[in-house]
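The values are calculated or read from the model by the stated rules, or taken from the named source; none is laboratory data. Just so we're clear, the structure is a prediction, and the values are computed from it rather than from any experiment. Neighbour counts run over all protein chains shown; Cβ positions are idealised from the backbone, glycine included. The accessibility values were calculated without ligands, DNA or RNA, using every heavy atom of the protein model including side chains. Shrake-Rupley method; radii C 1.70, N 1.55, O 1.52, S 1.80 Å.
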Amino acid sequence: MVMMRSFPERPWFILLTAAFLICGAMMISTVLRPSIPSLCPIPPASSDLRPAILHYATSSIVPQQSLSEIRLSFDVLRSISPCNFLVFGLGHDSIMWTSFNPSGTTVFLEEDPKWTQSVLQSAPDLTAHTVRYPTHLSDADHLLQSYKSEPSCLPPHAYLKDNHRCPLALADLPSSIYDREWDLIMIDAPRGYFNEAPGRMGAIWSAAVMARSRTRPGDTHVFLHDVDRKVEKTFAMEFLCKKYLVGGTGRIWHFKIPPAKNHTSATQFC
């Protein structure tokens with residue numbers, strides 16, 4: 001779940017978000033200090049952005065990601081939208097992510113069914129599914145040491161749907177997730193800051209498998225948040241691969257992963 005922070009006064013992020021959604025109508029520099037870069041222009045293909053503008057212009061709740069972190073993925077979305085965008089995590093920022101991909105497909109995966117219901121009540125146009133994660137954060141070290149003993153966890157035999165043999169596989173997602181090839185995957189969930197939490201081990205492994213399974217032209221962009229934490233950093237290096245790390249800022253990394261046919265090794269991730 002993408003956690004949010006609430007402030008008593010309207011933060012600069014909300015003004016910035018509203019500004020870039022209607023850029024051309026006003027200059028960001030008139031609203032924000034000049035040192036904050038503009039996010040304009042938005043992609044030429046657009047749908048009705050008025051709900052997103054209204055939401056962020058009137059809300060006092062902001063995403064956990066910083067401006068520079070959001071800008072990193074925004075720049076990619078601006079260049080490839082409309083695209084297929086899969087987000088691990090659901091929150092008050094989900095309207096923002098959807099608005100960044102006008103005319104594209106944006107889907108959210110969330111671990112908490114009550115939270116999913118709450119968000120969808122206020123934003124019923126979002127597409128979100130509840131996910132059951134089979135792991136706990138406390139399993140991370142064991143999973144990293146043992147996954148190589150299970151062939152279905154390893155290339156070229158790694159797969160997702162109904163793969164209950166590999167403890168890292170998200171084997172029970174909706175069929176629509178498996179049936180679509182994702183151009184951009186954002187991993188900002190599930191929770192991974194206490195031992196009983198699911199941790200992001202399965203999300204990271206599954207994103208790597210999705211990227212390697214791509215048959216359409218081009219690479220898959222994977223963004224991983226909270227890389228200041230040990231598990232996120234370790235599993236990213238194991239499955240998303242340092243050689244595919246193309247950018248990063250703050251606590252987010254950007255990987256650009258080619259299909260399996262373009263990998264130098266067919267029997268390991270990195």
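Select from segment 225-252 the residues that are in a loop (DSSP other than H, G, I, E, B) and open to solvent by 60 Å² or more (accessible area, probe 1.4 Å) and list them in ascending order.
Within segment 225-252, ASP228, GLY250, ARG251 qualify.
Being open to solvent by 10 Å² or more (accessible area, probe 1.4 Å) and modelled with pLDDT under 95 is the requirement here; does LEU72 meet it?
So LEU72 fails the test.
Kindly list the number of the only condition in (1) among the hydroxyl-bearing types (Ser, Thr, Tyr); (2) in contact with a Lys or Arg (Cβ under 6 Å, 6 or more places away or on another chain); (3) not in a helix (DSSP H, G or I) that fails for SER152.
(3)
Against the definition (part of a loop (DSSP other than H, G, I, E, B) and within 28 Å of LEU67 (Cβ to Cβ)), how does ALA189 come out, yes or no?
yes
Sort through ARG191, ARG200 and tell me the only one that's closer than 23 Å to LYS161 by Cα, at pLDDT 95 or above, open to solvent by 40 Å² or more (accessible area, probe 1.4 Å) and among the basic types (Lys, Arg).
After ruling out the rest, the residue left standing is ARG191.
LYS261 - would you say it is among the basic types (Lys, Arg) and surrounded by fewer than 16 Cβ atoms within 10 Å (Cβ to Cβ)?
Here the answer is yes, as LYS261 does meet what is asked.
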